[in-house]
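First up is the structure itself, then whatever we jot down about it.
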Amino acid sequence: MGLVEGFDVGGSTLRAALSRMVAAGDLRRTDAGYRLSDRLRDRQRRQDDAVHPGTRAWDGDWEMVVITATGRGPAERADLRGRLTGLRLAELREGVWLRPANLARALPGDLDQVAQHYTARPDRPARELAATLWPLDAWSATARALLAHVAGASRPADRLTAFAAVVRHLLADPVLPSGLQPADWPGADLRAAYTDYQRELIGEVRARVRGA
């Protein structure tokens, strides 16, 4: 219980939340307490990978994914759009998605069932194309506002809420090669702030566990 006292969470609220998470399959009971389900651990790993994506040197190539499947319903189309956006691809026009090929990751194999993957070099200038595909100025402005917000948040609950917003915003970072980023791109600063918060939170949890 002591681990959540600083977040303004009472004992009854915590017990109710734990019960709901067990019922939903997010937690599993153990002799020592609770542990994350495999599904939630997998989601956490995917989120960590997304917040700290691996990159490689960019040689000018772009990834291009062309949707080939037809006859899909609205829910299927929305799910596919969400997956492609999560892979940091952007839609050039309906059914054509692309991004600079600077991410050190492979596309999921099951995408082959609905799309074809190509390597391309668009004729359009790369910086101009990137600025068309992603709202870079808006992303940068929000990132700077979040950096100011987390710097001013002092209460643990407020900091937790603020950094949850940071994570959501980092998931929308296109992670462009440095040559395609606007000047003073705040992506690295936002990731550094989140990494520092993770270390801070882990340190506080370990201290409370040792003192229990």
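The values are calculated or read from the model by the stated rules, or taken from the named source; none is laboratory data. Source: prediction; values computed, not measured. Every residue, glycine as well, gets a Cβ built from its backbone with ideal geometry; the counts of neighbours run over all protein chains shown.
Within region 35-53, can one find any residue that is within 30 Å of Leu136 (Cβ to Cβ) and modelled with pLDDT of 85 or more?
Filtering region 35-53 down to residues within 30 Å of Leu136 (Cβ to Cβ) leaves 43-53.
Filter once more, so that each one left must be modelled with pLDDT of 85 or more: 52-53.
Within region 35-53, one or more residues are within 30 Å of Leu136 (Cβ to Cβ) and modelled with pLDDT of 85 or more.
It is to be established whether one or more residues within region 67-76 are touching a residue at least 24 places away in the same chain (Cβ under 8 Å), part of a helix (DSSP H, G or I) and out of contact with any Phe, Trp or Tyr (no Cβ under 7 Å at 6 or more places or on another chain).
Within region 67-76, the subset touching a residue at least 24 places away in the same chain (Cβ under 8 Å) is 67-69, 72.
Still in the running and part of a helix (DSSP H, G or I): none.
The answer is no, given that none of the residues of region 67-76 is touching a residue at least 24 places away in the same chain (Cβ under 8 Å), part of a helix (DSSP H, G or I) and out of contact with any Phe, Trp or Tyr (no Cβ under 7 Å at 6 or more places or on another chain).
Listed here are the residues, each with its yes/no results for (1) among the aromatic types (Phe, Trp, Tyr); (2) in contact with a Pro (Cβ under 8 Å, 6 or more places away or on another chain); (3) under 25 Å from Thr195 (Cα atoms); (4) touching a residue at least 60 places away in the same chain (Cβ under 8 Å).
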{"position": "Leu103", "(1), (2), (3), (4)": "no, yes, yes, yes"}
{"position": "Gln116", "(1), (2), (3), (4)": "no, no, no, no"}
{"position": "Ala130", "(1), (2), (3), (4)": "no, yes, no, no"}
{"position": "Leu147", "(1), (2), (3), (4)": "no, yes, yes, no"}
{"position": "Gly152", "(1), (2), (3), (4)": "no, no, yes, no"}
{"position": "Ala157", "(1), (2), (3), (4)": "no, no, yes, yes"}
{"position": "Ser178", "(1), (2), (3), (4)": "no, no, yes, no"}
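Do you know which of the residues in region 133-181 that are assigned to a helix (DSSP H, G or I) and among the acidic types (Asp, Glu) is farthest from Thr55 (Cα to Cα)?
Residues of region 133-181 that are assigned to a helix (DSSP H, G or I), as a first pass: 133, 136-152, 156-170, 178-180.
Cutting the leftovers down to among the acidic types (Asp, Glu) gives us 137, 158.
Numbers: Asp137: 22, Asp158: 32 Å.
Per the stated criteria, the residue is Asp158.
Scan region 84-99 and give yes if some residue there is in contact with a Leu (Cβ under 6 Å, 6 or more places away or on another chain), surrounded by 16 or more Cβ atoms within 10 Å (Cβ to Cβ), not assigned by TED's automatic domain parsing to the domain that holds Val175 and not hydrophobic (A, V, I, L, M, F, W, C), otherwise no.
yes
Within region 119-132, track down each residue that is among the β-branched types (Val, Ile, Thr) and part of a helix (DSSP H, G or I).
Restricting attention to region 119-132, the residues satisfying the condition of being among the β-branched types (Val, Ile, Thr) are 119, 132.
Answer for region 119-132, where residues must be among the β-branched types (Val, Ile, Thr) and part of a helix (DSSP H, G or I): just Thr132.
Might you let me know whether region 123-144 holds any residue that is at pLDDT 95 or above, among the charged types (D, E, K, R) and within 16 Å of the chain's Cα centre (by Cα)?
For region 123-144, residues at pLDDT 95 or above, among the charged types (D, E, K, R) and within 16 Å of the chain's Cα centre (by Cα): absent.
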